[in-house]
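The values are calculated or read from the model by the stated rules, or taken from the named source; none is laboratory data. None of these values were measured; they are calculated from a predicted model. So basically every Cβ, Gly included, is an ideal-geometry build from the backbone, and we count neighbours across all protein chains shown.
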Amino acid sequence: MADIVEHFRKGTFEQQYWLPAHNKRRESSLFRKNKEFIRDECGVPCWVCGSKKDREVHHVFEWSFWNAVHPEKVTNILKAIEFYDDDYVNRANKPRKLRDRIKEIEKSKPVINTPDDVRNLVVFCRKHHRLKLTGIHTITFPIWLAISAVPARGGILTRKQILMAAERVRKIDEELASLAENNYEPYRT
Ligand SMILES: [Zn+2]
């Protein structure tokens, strides 16, 4: 099985999608409250890499699609993915506080009826949220899902090595773009 890591591949894709009619987006007070709760009060790390730097809060089901989705289906899908499993919750600064809140919401609101519900929010660092080639918004779900299942230790490649490889390609791309614009500055010192 020595040849299982065959190559690092790069590709582009286009996507086309609709958006249901929705109100102009503004940050709701519930989102602000839940964002502060999970990220700042409970101190949960980036779900992908475990970093506690530059953390942003991501809606798993996007706010803009909410008017078109079925709340029970959303609830079932989020339960199946189980972002807040023991492995993740235990890496928070205050795991018990987070676990208790989720249990409490599950009891009082079995069906998720707003995109700003804690169960639809997850923390990613900036790199794994929106940056090119590494963020959940910039790679396809199959790739993201596979990365998420790579073990932190003991795999053919660790998750850290795979993430590092994608990040290097992103940095090389940035260098090439700045070279093309004649303001090249090497990032390696
Ligand atoms: Zn990260």
- Determine if segment 68-80 includes at least one residue that is away from the ligand (no atom under 14 Å from the Cβ), within 24 Å of Lys53 (Cα to Cα) and buried (at least 16 other Cβ atoms within 10 Å of the Cβ). no
- Message: Contact list please: Cβ distance under 8 Å, first residue in segment 104-124 and without any contact (Cβ under 8 Å) to a residue 40 or more places away in the chain, second residue charged (D, E, K, R) and more than 16 Å from the ligand (Cβ to nearest atom), pairs at least six apart or on different chains.
- Response: Ile105/Asp117; Ile105/Arg119; Glu106/Arg119; Lys109/Asp117
- Query: Which ones in segment 162-172 are over 18 Å from the mean Cα position of the chain (by Cα), without any contact (Cβ under 8 Å) to a residue 60 or more places away in the chain and within 30 Å of Tyr88 (Cβ to Cβ)?
  - Reply: Arg168, Lys171
- Query: Which of the following residues is in a helix (DSSP H, G or I), closer than 27 Å to Ala149 by Cβ and away from the ligand (no atom under 16 Å from the Cβ): Phe8, Phe65?
  - Reply: Phe65
- Scanning segment 138-161 for residues that are within 14 Å of the ligand (Cβ to nearest atom), of a type outside the set (A, V, I, L, M, F, W, C) and touching a residue at least 24 places away in the same chain (Cβ under 8 Å) gives Ser148, Arg159, Lys160
- Query: Within the bounds of segment 25-33, is there any residue that is assigned to a loop (DSSP other than H, G, I, E, B), among the acidic types (Asp, Glu) and under 18 Å from Ile81 (Cα atoms)?
  - Reply: no
- Note on the structure: Counting only residues in segment 118-133 that are over 10 Å from the mean Cα position of the chain (by Cα) and part of a loop (DSSP other than H, G, I, E, B), the one nearest to the ligand (Cβ to nearest atom) is identified as Leu131
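Have a look at Lys33, Lys52 and point out the one that is over 19 Å from Thr138 (Cβ atoms) and either away from the ligand (no atom under 16 Å from the Cβ) or acidic (Asp, Glu) (or both).
Working: Lys52 fails: either away from the ligand (no atom under 16 Å from the Cβ) or acidic (Asp, Glu) (or both).
Exactly one of Lys33, Lys52 is over 19 Å from Thr138 (Cβ atoms) and either away from the ligand (no atom under 16 Å from the Cβ) or acidic (Asp, Glu) (or both), namely Lys33.
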- Query: What about Tyr88, is it among the aromatic types (Phe, Trp, Tyr), touching a residue at least 12 places away in the same chain (Cβ under 8 Å) and touching a helix residue (DSSP H, G or I) at 6+ places or on another chain (Cβ under 8 Å)?
  - Reply: no
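Just to be sure before I move on: is Ile162 modelled with pLDDT of 90 or more, of a type outside the set (Gly, Ala, Ser), more than 30 Å from Arg101 (Cα to Cα) and surrounded by 13 or more Cβ atoms within 10 Å (Cβ to Cβ) in the structure I sent? Quick ask: steps written out before the conclusion?
Details: modelled with pLDDT of 90 or more: no; of a type outside the set (Gly, Ala, Ser): yes; more than 30 Å from Arg101 (Cα to Cα): yes; surrounded by 13 or more Cβ atoms within 10 Å (Cβ to Cβ): yes.
Criteria not met by Ile162.
For segment 86-112, how many residues meet the condition of being in a helix (DSSP H, G or I) and touching a Pro at 6+ places or on another chain (Cβ under 6 Å)? Quick ask: steps written out before the conclusion?
Step one: filter segment 86-112 for residues in a helix (DSSP H, G or I), giving 86-89, 95-108.
Okay, now just the ones that are also touching a Pro at 6+ places or on another chain (Cβ under 6 Å), so 89.
Looking only at that region, the number is 1.
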